[in-house]
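Heads up: the structure comes next, in structure tokens.
Coordinate-derived values only; no laboratory data. What you are looking at is a predicted structure, and each value in this text was computed from that prediction instead of being measured. Note that each Cβ is placed from the backbone with ideal geometry, even for glycine, and that neighbours are counted across all protein chains shown.
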């Protein structure tokens, strides 16, 4: 081959390499753009979008725009007012409520009483707290109609809002005051609350028994419920402090009336009622749509009620026991 031809071939080879390198660079650039675009797309998919004023108040600006499923659940606190020495009753009620798993809500059941006064209480109640963590001890002397209910409600904001581990506001949408002789059917309670407002709500069984108008009288002390904003109002207002003595459910209604609170009211009658026996104007037979049964003063009444609602139907068969 002549020298001129070898030089020409060399130039062609160099030129081919040059264009090949340019091609590789262009290809790499295209892939990098695609990768960056894909990365940015992925970041957009998980980063917060523009703040929407109509979004749920539980979702704060600059947080993930897709909340976890639990954030849409109703949060309910049921405070069962009882006495420190009622150990057996608390253990029984733990079984009653521990076997209920309502859908669409988180329901926390707490047992509420005033300061401990005996050495055995300090040991046994402390063990309960260590084991179950479901007790609230109020700073008060034990009583029924001399401010215990007020102390219960007014203490809750400081208890739960000062808890740094609780990042949700409000910590509960609704707060219940209940007696320890009431059987709450949690799923029916949750279902009844689902369509109701979460602000300025007062819910329960209207007293007197013949009344169906929740705006005239008040809710029975068997178990009434208010929204969290009313709980905060009770903690801040001077109205309850001036009027603490007397039937606690009636006085509670007086507070709301004087403070112009509870503009949203729900009468849960006749899904809430007294046990059928002895018959009165506040009672009727047990029925499937029940939310709460009151005046379960004896084990016989509890057993009849639990049998009616077939609470053991989900008991799984096992070789470890035989229940016929």
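Of note:
- Principal axis dimensions, region 70-308 - Cα atoms, whole angstrom, descending: 43, 42, 39
- Over the C-alpha atoms of region 94-170, the Rg to Rh ratio, Rh being the Kirkwood estimate, stands at 0.99.
- R0 of 30 Å, Cβ-Cβ distance residue 118-residue 97: FRET efficiency to nearest 0.05: 0.70
- Between region 89-127 and region 221-289, the Cα center-to-center distance that results, in Å: 22 Å
- Per-residue Cβ neighbour counts within 10 Å put 88, 284, 173 in the sequence 88, 284, 173, beginning with the fewest.
- Across the alpha-carbon atoms of region 172-238, the computed radius of gyration and Dmax are 12.5, 36 angstrom.
- Residue 263-residue 127 FRET efficiency (beta carbon distance; Förster radius 35 Å; 0.05 resolution): 0.20
- Residue order, fewest to most surrounding Cβ atoms within 10 angstrom, among 91, 217, 294: 91, 217, 294
- One quarter of the convex hull surface built on the alpha carbon atoms of region 81-211 amounts to 9.6 nm², the projected area averaged over directions.
- Protection proxy ranking of 235-241, 308-314, by the mean of other Cβ atoms within 10 Å over each peptide's residues and highest first, is 235-241, 308-314.
- Spacing of the two label points (7 Å from each Cα toward its C-beta) at residue 245 and residue 168, in nm: 4.1 nm
- Residue exposure sequence - 211, 155, 318 - by fewest surrounding Cβ within 10 Å: 318, 211, 155
- Beta bridges from DSSP with both residues in region 70-308: antiparallel share about 30 percent, rounded to the nearest 5.
- Efficiency of FRET between residue 284 and residue 187 - r from beta-carbon atoms, R0 22 angstrom, step 0.05: 0.60
- Normalised by residue count, region 232-309 yields a Cα convex hull volume of 140 Å³ per residue.
- Inter-label distance for residue 314 and residue 270, nm, one decimal - labels placed 7 Å from Cα along Cα-to-Cβ: 2.9 nm
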